[in-house]
Amino acid sequence: MKTSMWLDLFLFTIAILWEPVLSDLVLSKVERRIDLTSQIVRITSTIKVENTGSDVVSEVLLAFPDSQASHLAYLAAFLNEGKGKVKVPASSFHVEVVHPKDMPPSLTFYSVSLPKGLGKGEILTLDVLSVYTHALQPFPEKITQAEIQLVLFQESAHFLSPYAVKVQSLSIKLPHARIESYTRMENTKIHGSEIKYGPYENVPPYSYSPIAIHFESNQPFAVAQELVREIEISHWGNVQVTEHYSLVHDGAQSKGEFSRLDYQARPYARGASAFRRLVAKLPPRAYSVYYRDEIGNISTSNLWGDTKKTELEIEPRYPIFGGWRTTFSIGYGLPLRDFLFQLDGKRFLNFSFGCPINEVVIDTLIVKVVLPEGSKDISASVPFPVKQWQETKFSHLDVVGRPVVVLEKTNVVPEHNQHFQVYYKFNSLSMLMEPLMLISGFFFLFVSCIVYMHADLSISKSSASYLSKLQWEEVLATIQQVQNIINRCLPIHDKLEASLRDLSRTGDVQACKAARKSADSLLKELSKELKLLVAFLQSSLQASQILPKVEELVARERELQERLMVKHSTVVDCYEKKSGGREIENRVASHQQKITALKLEVDDLLEFIDEI
């Protein structure tokens with residue numbers, strides 16, 4: 001830091017030897033006032049310009065060291081209107097960067113265009129406001145929770161100018177009277193929290209006298225590394241504003257551990273450099289205000305307002321020390337009639353550009369103006385240079401999307417809180433598009449329901465699919481009848497087996513023969529019914545796949561009946577011949593094995609058909 005300061009001193013010492021090329025102008029008096037009460041450095045210079053030459057002069061050059069120009073966020077020049085606090089008027093002189101020839105190196109020049117040429121002997125008094133960001137360097141760069149924050153500021157006691165200065169002075173206003181050190185020069189005075197240098201007389205062009213001030217500053221060094229403001233216009237009567245902040249404390253970084261107990265007990269002694277709350281000045285009549293982060297809504301906020309303003313005091317979830325970060329969002333609604341106007345057949349939005357939070361430096365500000373769908377001939381007017389482009393945003397019920405005007409600017413300070421305009425054309429009939437889409441959607445929905453309720457969606461009885469369905473239903477009904485008949489045969493089989501058990505117990509051969517005769521009669525009748533059902537299935541094409549299983553089932557049932565009759569006749573003959581029990585068992589053993597196997601096959605086939 002010191003090396004840079006002495007390098008600048010060396011360069012400007014060499015620059016003194018430069019032959020002045022702008023000798024027609026002389027600065028009769030220069031008064032500079034530097035405000036260091038916040039992290040934003042504001043330098044107000046009252047310059048009395050005198051034309052000592054014979055030619056009319058139309059511009060005045062302002063010179064800044066390159067190291068200082070890199071921190072320059074805002075520069076404005078306007079006519080001095082008398083004593084008192086300098087305020088930026090509605091109109092100021094045009095200022096732009098220029099590159100004049102034969103000038104000293106390491107300097108950046110700005111040209112202030114005068115609205116009226118300055119003739120010979122004429123005098124003009126200008127007020128120049130320059131605003132700098134990141135110009136205060138924390139020193140030391142790291143502090144503990146209990147330490148105060150000290151910063152270092154470097155400047156020149158002489159006004160750097162390509163013109164000779166007859167009389168000049170400098171006053172520096174500090175936030176506190178505690179000053180660690182400062183550069184002492186001739187005519188240096190200190191009054192409380194203000195340091196004065198000068199007056200100095202007959203200072204040559206490009207004179208540079210470096211000074212450094214080391215002082216206490218516990219003001220919030222809140223820097224928004226990125227702020228995205230989305231302003232969405234609805235012609236139904238409101239403007240919705242959403243702001244997304246990525247905030248960091250850019251002061252001396254915190255080192256060591258953080259003690260919540262110490263902070264709550266003595267917050268102004270054990271956390272003097274931290275900031276606990278921020279105040280956002282919202283437009284009047286703001287409503288539906290919210291303050292939230294990634295976790296959800298943050299209740300530590302207060303809102304109050306009147307007809308002129310609305311103030312939102314927000315408090316983060318934790319105090320922000322040096323190097324700490326936080327992200328949050330603010331949203332609110334505004335009446336459309338306060339910000340949307342018409343001019344020459346166009347509508348235009350008139351809205352403030354910068355950040356509503358007090359004394360916040362914004363490294364990158366992106367403003368997105370979302371216009372209604374169907375807007376055309378879009379243009380933006382901003383009172384200072386910005387990057388701008390257009391994109392498209394899709395929302396509910398959008399067809400082609402809503403045009404979005406995007407404005408981007410770096411190094412933004414509160415002085416940029418000026419109004420900008422976005423002009424566009426919009427047909428009022430386009431407002432009816434979304435309601436008509438909703439009405440049409442519900443209309444077609446109701447019509448579809450009515451048609452569905454009254455339409456006959458059944459299949460025609462003469463169609464092939466309907467006939468095929470009927471035939472399949474007949475096949476299924478027939479198969480069900482086959483199953484029922486088989487199931488009726490099974491109890492008859494059981495009765496035959498039961499008659500043999502009665503025969504072995506009572507020896508009544510005649511009763512056993514009667515039971516066989518009755519069973520044989522019933523089985524023959526059921527067989528006739530099965531024959532008719534199988535014949536129907538054989539004639540139906542729909543039953544071609546299931547028919548083999550049905551035929552196999554009927555065949556196994558018929559074979560089972562025959563085996564049961566043979567077994568029954570064999571047992572009865574043995575009883576009539578008075579054969580022994582072992583002989584009877586030997587004669588019917590083969591039949592019994594076959595009967596058991598057939599019963600299992602019949603059960604499996606019935607189960608298979610039942611699954612269909």
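Summary of values
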read-out	value
In the range 286-296, the residues that are modelled with pLDDT under 90 and surrounded by 13 or more Cβ atoms within 10 Å (Cβ to Cβ)	Asp293
Candidate set: the range 532-561, residues that are surrounded by fewer than 17 Cβ atoms within 10 Å (Cβ to Cβ) and among the basic types (Lys, Arg); chosen: the one nearest to Gln592 (Cα to Cα)	Arg558
In the range 130-149, the residues that are crowded, with 19+ Cβ neighbours inside 10 Å and either modelled with pLDDT under 95 or among the polar types (S, T, N, Q) (or both)	Ser130, Thr133, Ala135, Leu136, Pro138, Ile143, Gln145, Gln149
Which listed residue, of Val241, Val248, is under 30 Å from Pro372 (Cα atoms) and open to solvent by less than 20 Å² (accessible area, probe 1.4 Å)	Val241
Residues being of a type outside the set (S, T, N, Q), within 47 Å of the chain's Cα centre (by Cα) and not in a strand (DSSP E or B) - total across the range 26-69	4
Hey, Asn350 under 29 Å from Ala222 (Cα atoms) and open to solvent by 60 Å² or more (accessible area, probe 1.4 Å) or not	no
Subset of the range 322-347 (residues that are in a loop (DSSP other than H, G, I, E, B) and open to solvent by less than 20 Å² (accessible area, probe 1.4 Å))	Gly322
Failed item, numbered, when Trp236 is tested on (1) open to solvent by less than 40 Å² (accessible area, probe 1.4 Å); (2) within 42 Å of the chain's Cα centre (by Cα)	(1)
Residues of the range 562-580 satisfying the condition of being open to solvent by 50 Å² or more (accessible area, probe 1.4 Å) and not acidic (Asp, Glu)	Arg563, Val566, Tyr575, Lys577, Lys578
Considering residues of the range 218-231 that are under 15 Å from the mean Cα position of the chain (by Cα) and open to solvent by 40 Å² or more (accessible area, probe 1.4 Å) only, the residue farthest from Ala272 (Cα to Cα)	Glu230
Subset of the range 237-271 (residues that are of a type outside the set (Lys, Arg), modelled with pLDDT under 85 and not in a loop (DSSP other than H, G, I, E, B))	Leu261, Asp262, Tyr263, Gln264, Ala265
Pairs with Cβ under 7 Å, 6+ apart, first in the range 463-478 and within 17 Å of Leu537 (Cβ to Cβ), second part of a loop (DSSP other than H, G, I, E, B) and at pLDDT below 85	Gln471/Ser540; Val475/Ser540
Considering residues of the range 155-188 that are surrounded by 14 or more Cβ atoms within 10 Å (Cβ to Cβ) and within 30 Å of Pro319 (Cβ to Cβ) only, the residue farthest from the chain's Cα centre (by Cα)	Ile179
Odd one out for Lys513 among (1) farther than 23 Å from Ala589 by Cβ; (2) in contact (Cβ under 8 Å) with a residue 40 or more places away in the chain	(1)
Near pairs, Cβ below 6 angstrom, 6+ apart or cross-chain, from the range 200-212 (free of Cβ contacts under 8 Å to residues at least 60 places away in the same chain and on the phi < 0 side of the Ramachandran plot) to any residue that is open to solvent by 20 Å² or more (accessible area, probe 1.4 Å) and of a type in the set (Ser, Thr, Tyr)	Ile211/Thr183
Search result, residues across the range 357-378 that are in a loop (DSSP other than H, G, I, E, B) and surrounded by fewer than 23 Cβ atoms within 10 Å (Cβ to Cβ)	Asn358, Glu359, Pro372, Glu373, Gly374, Ser375
Test: residue in the range 189-197 that is open to solvent by 20 Å² or more (accessible area, probe 1.4 Å), free of Cβ contacts under 8 Å to residues at least 12 places away in the same chain and in contact with a strand residue (DSSP E or B) (Cβ under 6 Å, 6 or more places away or on another chain)	yes
Residues located in the range 488-531, provided they are β-branched (Val, Ile, Thr), farther than 18 Å from Ile595 by Cβ and surrounded by 11 or more Cβ atoms within 10 Å (Cβ to Cβ)	Val509
Number of the exception - Phe109 against (1) among the aromatic types (Phe, Trp, Tyr); (2) closer than 29 Å to Val223 by Cα; (3) crowded, with 20+ Cβ neighbours inside 10 Å	(3)
Residue tally, condition assigned to a loop (DSSP other than H, G, I, E, B), open to solvent by less than 40 Å² (accessible area, probe 1.4 Å) and either charged (D, E, K, R) or modelled with pLDDT of 85 or more (or both), over the range 297-321	3
Of the criteria (1) within 30 Å of Ala464 (Cα to Cα); (2) at pLDDT below 85; (3) small (Gly, Ala, Ser), which one Ala535 fails	(2)
Pair list, Cβ under 6 Å, 6 or more apart: the range 518-536 residue of a type in the set (Val, Ile, Thr), other residue open to solvent by less than 60 Å² (accessible area, probe 1.4 Å)	Val534/Val554
Total residues in the range 112-129, condition modelled with pLDDT under 90, in a strand (DSSP E or B) and surrounded by fewer than 18 Cβ atoms within 10 Å (Cβ to Cβ)	3
The range 595-612 residues that are at pLDDT 80 or above and surrounded by fewer than 16 Cβ atoms within 10 Å (Cβ to Cβ), paired with ones that are basic (Lys, Arg) and assigned to a helix (DSSP H, G or I) (beta carbon under 8 Å, 6 or more apart)	Phe608/Lys549
Residue in the range 384-396 that is assigned to a loop (DSSP other than H, G, I, E, B), open to solvent by 50 Å² or more (accessible area, probe 1.4 Å) and farther than 21 Å from Leu72 by Cα present	yes
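The values are calculated or read from the model by the stated rules, or taken from the named source; none is laboratory data. Everything quoted here is computed from the prediction, not taken from an experiment. Please note: Cβ atoms are built from the backbone with ideal geometry, for glycine as well, and neighbour counts cover all protein chains shown. Surface areas here come from the heavy atoms of the whole protein model, side chains and all, with no ligands, DNA or RNA. Shrake-Rupley method; radii C 1.70, N 1.55, O 1.52, S 1.80 Å.
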